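The values are calculated or read from the model by the stated rules, or taken from the named source; none is laboratory data. For clarity, every value in this text was computed on a predicted model and none was experimentally measured. We place every Cβ from the backbone using ideal geometry, glycine too, and count neighbours over all the protein chains shown. Side chains are part of the model used for accessible areas, which takes the heavy atoms of the whole protein and leaves out ligands, DNA and RNA. Shrake-Rupley method; radii C 1.70, N 1.55, O 1.52, S 1.80 Å.
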Amino acid sequence: MIDAMIALRAILIREALRFVRQRSRFVAALVRPLVWLVVFAAGFRAALGLSITPPYQTYITYEIYIVPGLCGMIMLFNGMQSSLSLVYDREMGSMRLLLTSPLPRWWLLFCRLLASTTISILQVYTFLAVAAVYGIDMPWIGYAYVFPALIVAGLMLGALGLALSSAIRQLENFAGVMNFVIFPMFFLSSALYPLWKMAESSALLRDICALNPFTHAVELIRFALYGQFNAVALGWTILAGIVFLGFAFWGYDPARGMKRG
Amino acid sequence: MTGLTVRNVSYAYGEKRALDDVSFHVPQGAFCALLGPNGAGKSTLFSLLTRLFTTRQGEIEIAGIDIAKHPRKALAKIGVVFQQPTLDLDLTVHRNLSYFAALHGLSGRQAEGRITAVLERLDMAERATERARDLNGGHRRRLEIARCLIHVPSVLLLDEPTVGLDAASRHAITKHVHDLSSQDGLTVLWATHLTDEIGPDDQVAILHRGKLLDQGICRDITGGAPMQDTFLSMTRAAS
């Protein structure tokens, strides 16, 4: 047990050091949602009228609507970035070092997942701070309530990245992940537009969005930011997280072998 | 039985058979060169020995511990240097070592003591604060060997550790690891395709196309002839 905690601490420190070293990664993670917030949202503000839907109790501007979606975007990209680094680690060999230590493999993978989620949460709070300076602030209680929501959402999206990394053979294949996982997950969700808006265009697309775990992660964050609890979103996010984690553990099972590049 | 034992081990990637009924034993404190050309199955065997893969065909014992039955106990006895570099190049030498120590449950004073000891053992004490990126190829390898000693393993597995190094570094590292087996009593399995890294008293296991062609003490196998000639004639005959 003590061994497991020592390893967890070391893995968290290593990820934090890597993150601090890669300042460009931090800046990119921050600039991406800010561009959406400042440029994209400003353009769409006039085009999209948003009626009062929970958790909002009044009419809101589009910028306010997309903040939770952009928090989710940070976590989605970070989850994928983390899985990209896992594939890189495997090609470079450092993943071998991790997997040959005398601790349960599931624990080692979970440590990596926890480390990447911690980084995601730091990025989200930085983004929320910049958004507040820009004039889009949340109720104070929301900043506290959102913390557990970010942990659950981050673990789910990190688990997705972990599962993908077990299936991807080479770094070059990662572009495919961008096209077939990140973009569909992001655009087919409630991050940029409410589901009722989507239903006006296509009921089928709305249904797909409603099934997308990323939608539920975003809604969990959205409600939490306003001090509210969305049980359905939490349930879906946890369920998806367990399924992704199951795939990840299965993918890294030594009986399946380590994929040869 | 201590040391390292591989018994009737087979492994296939789909239809392709990478290891076919391989058996050999390396006694405690012996240096065994696993000699084979590229594609012989050396890296596959290393993956099985380090439990990156598992197989249902055959048994592997590390210091007398069955890796299939007690994987974590067996892994705790192994020190590995993989063919691929596994250092975090942006971290310092010390940080690389403390990360690895923690993966083996070592922290605080205990870890510090071991780190100091292995750096001194490999003549790298003065480089503790340097970034791994700033080390040359030979020192990086030496650091990886130092690292694999931190948890005081009894079996060392090195997969072609001298690939890409200049002659002087190759010689130094080969000598270091020979010393670890003769002076410290470590069991060493050293995968290579370079016959000049093998001494006449070393144990040799010759692997070719997944099969073990021969095993024993180098001078007994060669009968006094150069190892390279024996190796080439054996692998040609088996092709």
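Working note: Debye formula, equal point scatterers on the alpha-carbon atoms of the protein assembly as shown, no solvent; log10 I(q)/I(0) at q = 0.06, 0.07, 0.08, 0.09 Å⁻¹ is -0.35, -0.46, -0.58, -0.70. Hydrophobic, long helices, defined as DSSP H runs whose alpha-carbon span along the helix axis is 15 Å or greater and whose mean Kyte-Doolittle value is at least 0.0, occur in chain A at A:2-21, A:23-35, A:62-92, A:105-134, A:140-167, A:213-225, A:231-251. In whole angstrom, chain A maps to an equivalent ellipsoid with semi-axes of 33, 19, 17, each derived as √(5λ) from the alpha carbon gyration tensor and ordered largest first.
Peptide B:76-85 is shielded by partner chain Cβ atoms: per residue, an average of 3 of them sit within 10 Å of its Cβ. At the nearest 100 Å², what buried accessible area, both sides summed, do you get for B and A when the probe is 1.4 Å? So the total buried area for this chain pair works out to about 2700 Å².
For chain B, dividing the convex hull volume of the Cα atoms by the residue count gives 121 Å³ per residue. Hey, quick one: spin label on B:Lys16, modelled 7 Å out along Cα-Cβ, who in the stretch B:43-76 has an amide N within reach, i.e. under 14 Å? Within reach of a label on B:Lys16: B:43-45. Near B:Phe31: Cβ cut-off under 9 Å, other residues only, Lys/Arg at +1 and Asp/Glu at -1. The net charge is -2. Accessible surface computed residue by residue for chain A, with neighbouring protein chains in place and a 1.4 Å probe, gives 43 Å² per residue. For B:Leu87, no residue whose modelled amide H falls within less than 5 Å of its own remains once neighbours fewer than 5 places apart on the same chain are excluded.
Note on B:Lys211: lysines with a C-alpha under 27 Å away, same-chain residues under 8 apart excluded, are A:Lys259, B:Lys16, B:Lys42, B:Lys69, B:Lys77. Available extension along the chain between A:Ala199 and A:Ile2 is 65.7 nm, counting 0.36 nm per residue and deducting the alpha carbon span. Only helical runs count toward this figure. For chain A, summing -39,500 (n - 2.57) over DSSP H runs of n ≥ 4 and dividing by all residues gives -24000 deg cm²/dmol at 222 nm. Taken along the Cα-to-beta-carbon direction at a fixed 7 Å, the label points for B:Gln110 and B:Asp134 span 3.2 nm. Roughly speaking, to the nearest percent, how much of the stretch B:92-239's 1.4 Å accessible area is carbon and sulfur? Of the solvent-accessible surface of the stretch B:92-239, carbon and sulfur hold 49 percent.
Site pair B:Ser182 and A:Val38 shows an inter-label distance of 6.7 nm when each label is modelled 7 Å from Cα along Cα→Cβ. Of all the accessible heavy-atom surface of chain A, with the other protein chains kept in place and a 1.4 Å probe, what percent is carbon and sulfur? Carbon and sulfur: 70 percent of the exposed surface of chain A.
Here the peptides B:28-35, B:166-173 are ranked by packing, the mean other Cβ count within 10 Å, and the order with the highest first is B:28-35, B:166-173.
By the Kirkwood approach, averaging reciprocal distances over each pair of separate Cα atoms, the stretch B:90-224 gets a hydrodynamic radius of 16.1 Å.
Applied to the stretch B:96-110, the Karplus parametrisation 6.51 cos²θ - 1.76 cosθ + 1.60 on θ = phi - 60° returns per-residue 3J(HN,Hα) values of 4, 6, 5, 4, 5, 4, 5, 5, 9, x, 9, 8, x, 5, 4 Hz, with x for Gly and Pro.
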